[in-house]
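To start, the structure itself, in structure tokens.
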Amino acid sequence: METTAAKTIRRFALPRLAAAALITVTAASMSPATARAETWPARPVTLIVPYAAGGTVDKVARQIQEGLRKRLAQPVMIDNRAGAGGTIGTAQIARSAPDGYTIGMVFDGFATESHIYPKLPYASQKDLTGVSYMVRSPMVLVVPASSPYKTLQDYVAAAKKPDAVSYASVGAGSSNQLVAELFHEAAGTSGTHTPYKGGGPAINDLLGGHVDSMIASLPLVMPYVQAGKLRALAVTAAQRDARLPGVPAVAESYKGFEAYSWVAMIAPARTPPNVLGRLAAEVNATLRDPAIGKVLSDGGFDVIAGDSAQANKLIREESVRWGRLIKSRHIVIE
């Protein structure tokens with residue numbers, strides 16, 4: 001016969017056993033993503049750059065690589081997946097597990113690719129999310145040093161005649177083409193688009209005088225301007241840039257004109273919020289490091305260090321802005 005003491009022990013023990021069982025079941029039912037998010041990062045992080053090594057995005061990635069490794073206490077491996085205007089590497093990011101271990105970096109063309117490529121293997125704003133609005137840079141209208149165009153006014157006067165001037169870009173829908181078309185729209189001029197497969201070939205032909213002009217990011221053209229090989233006619237920032245103090249802003253002649261090239265970090269859309277938050281915090285802290293910031297500034301970049309919300313807002317607004325221009329100027333893949 002069960003004693004009173006035994007009944008008391010049984011009465012209190014059973015609820016404890018049930019509670020323990022419930023905890024065990026709950027822990028077992030946690031999704032892998034939740035478990036990973038709680039311990040992130042527990043292994044190396046892969047940073048996909050959907051462009052060739054040595055390009056603008058790659059340069060920014062390599063500037064933050066070591067600082068980010070120290071802050072995460074895990075290796076950060078850069079994987080260049082170039083091709084198809086960056087869409088091959090971006091597709092790899094979109095297909096990756098949303099666990100924070102595969103992330104990517106893109107530039108301004110990411111916001112417009114859905115308007116240019118009708119059959120992308122991913123939906124840019126649905127399958128991917130911004131992590132950080134990292135840096136931006138003004139763009140510069142440049143001509144060869146031997147060009148007859150000494151000022152912006154000289155260039156505009158020539159471009160008033162159809163097919164009188166040509167401009168280079170790294171491809172249809174690139175920021176080079178879009179900002180050039182925006183400029184011609186504002187000035188009431190026109191230019192013949194000459195696309196290239198990358199900034200290197202475009203600059204080489206520009207230096208050789210095979211094309212009349214190019215609107216390109218400051219980091220790309222500044223070394224050539226400083227060396228006297230290219231002449232800068234105008235910058236696309238709202239005001240003059242301190243790194244090219246003698247070069248006017250386009251806005252001085254065409255009120256409200258403003259455009260930038262930019263770089264952002266992205267991740268698969270379902271990456272846990274706490275992982276995105278930690279990643280953004282560490283990336284932005286790295287960007288704000290004075291030594292890294294100086295290198296980027298000297299290279300023509302302005303550090304923004306914006307969070308996920310700012311990155312997504314930028315991508316949405318840029319998509320709308322340039323989507324209108326792509327449609328109105330009938331810009332297609334050539």
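Laboratory data are not the source of any read-out in this text; all were calculated from the coordinates shown. All figures in this text were calculated on a predicted structure; none of them were measured in a lab. Don't worry about glycine lacking a Cβ; one is built from the backbone with ideal geometry, like all the others, and counts go over all protein chains shown.
Based on C-alpha pairs under 8 angstrom that are at least 6 apart in sequence, the chain has a relative contact order of 24 percent.
Just the number, please: percent antiparallel of the DSSP beta bridges in the chain, rounded to the nearest 5.
In the chain, DSSP labels about 60 percent of beta bridges as antiparallel.
Gyration tensor analysis over the Cα atoms of the stretch 201-323 returns equivalent ellipsoid semi-axes of 31, 18, 15 Å (largest first, whole Å).
Please give the net charge around Gly89, taking every other residue with its beta carbon less than 15 angstrom from that of Gly89, where Lys and Arg add +1 and Asp and Glu add -1.
-2
So what's the net charge close to Ser132: Lys and Arg +1, Asp and Glu -1, counting the other residues with Cβ under 11 Å from its Cβ?
-2
3J(HN,Hα) couplings calculated from phi for the stretch 117-130 with the Karplus curve 6.51 cos²θ - 1.76 cosθ + 1.60 (θ = phi - 60°) are, in sequence order, 9, x, 10, 5, x, 7, 9, 3, 9, 9, 8, 9, 9, x Hz; Gly and Pro show x.
Once backbone amide H atoms are built at 1.01 Å from N, Ser169 has Thr194, Tyr196 as its partners under 5 Å, excluding neighbours fewer than 5 places away on the same chain. Of Lys161/Lys255; Lys161/Lys327; Lys126/Lys294; Lys150/Lys313, which pairs sit farther than 28 Å apart, going by alpha carbon to alpha carbon? Pairs exceeding 28 Å: Lys126/Lys294; Lys150/Lys313. Spread over its residues, the convex hull of the C-alpha atoms of the stretch 30-169 is 151 Å³ per residue. Once backbone amide H atoms are built at 1.01 Å from N, Ser261 has Ser137, Met139 as its partners under 5 Å, excluding neighbours fewer than 5 places away on the same chain.
Of the residues Gln177, Gly191, Val247, the one whose Cα sits farthest towards the positive end of the charge dipole of the stretch 138-252 is Val247 (charges of +1 on Lys and Arg Cβ, -1 on Asp and Glu Cβ, taken about the Cα centre).
Think of the stretch 96-182 as having a plus end and a minus end, set by charges on the Cβ of Lys, Arg, Asp and Glu; of Tyr101, Ser114, Val140, Val140 sits farthest toward the positive end of this dipole. Across the stretch 138-252, Cα-Cα pairs more than 21 Å apart make up 26 percent of the total. Rounded to whole numbers, the Karplus 3J(HN,Hα) couplings from phi for the stretch 44-51 are x, 10, 9, 10, 7, 10, x, 9 Hz, using 6.51 cos²θ - 1.76 cosθ + 1.60 with θ = phi - 60°, and x at Gly and Pro. Per-residue 3J(HN,Hα) values for the stretch 203-211, derived from phi via the Karplus relation 6.51 cos²θ - 1.76 cosθ + 1.60 with θ = phi - 60°, read 5, 4, 5, 5, 4, x, x, 7, 9 Hz in sequence order (x marks Gly and Pro).
Summary value for the stretch 190-334: 15 percent relative contact order, contacts being C-alpha pairs under 8 angstrom separated by 6+ residues. Each Lys or Arg adds one and each Asp or Glu subtracts one; over the other residues with Cβ under 11 Å from the Cβ of Val49, this totals +1.
Think of the chain as a dipole: +1 on every Lys or Arg Cβ, -1 on every Asp or Glu Cβ, centred on the Cα centre; then among Gln226, Gly55, Asn80, Asn80 lies furthest on the positive end.
Against the chain, whose longest principal axis comes from its Cα atoms, helix 175-187 is set at around 50 degrees. Dipole size of the stretch 138-252 about its Cα centre, with +1 on Lys/Arg Cβ and -1 on Asp/Glu Cβ: approximately 240 debye, rounded to the nearest 20.
With contributions of -39500 (n - 2.57) from each DSSP H run of at least four residues, the per-residue ellipticity at 222 nm computed over the chain stands at -14000 deg cm²/dmol.
Between helix 308-328 and the chain, what is the angle of the helix's C-alpha long axis to the longest principal axis, kept within 0 to 90° and rounded to the nearest 10? The helix 308-328 is inclined about 40 degrees to the chain. Across all directions, the average projected area of the convex hull around the alpha carbons of the chain is 21.7 nm². Basic side chains Lys and Arg get +1 at the Cβ, acidic Asp and Glu get -1 at the Cβ, and with that the dipole of the chain about its Cα centre reaches some 1000 debye. Under a 5 Å amide H cut-off, with hydrogens placed 1.01 Å from N, Ala269 pairs with Leu128, Thr129 among residues at least 5 apart or on other chains.
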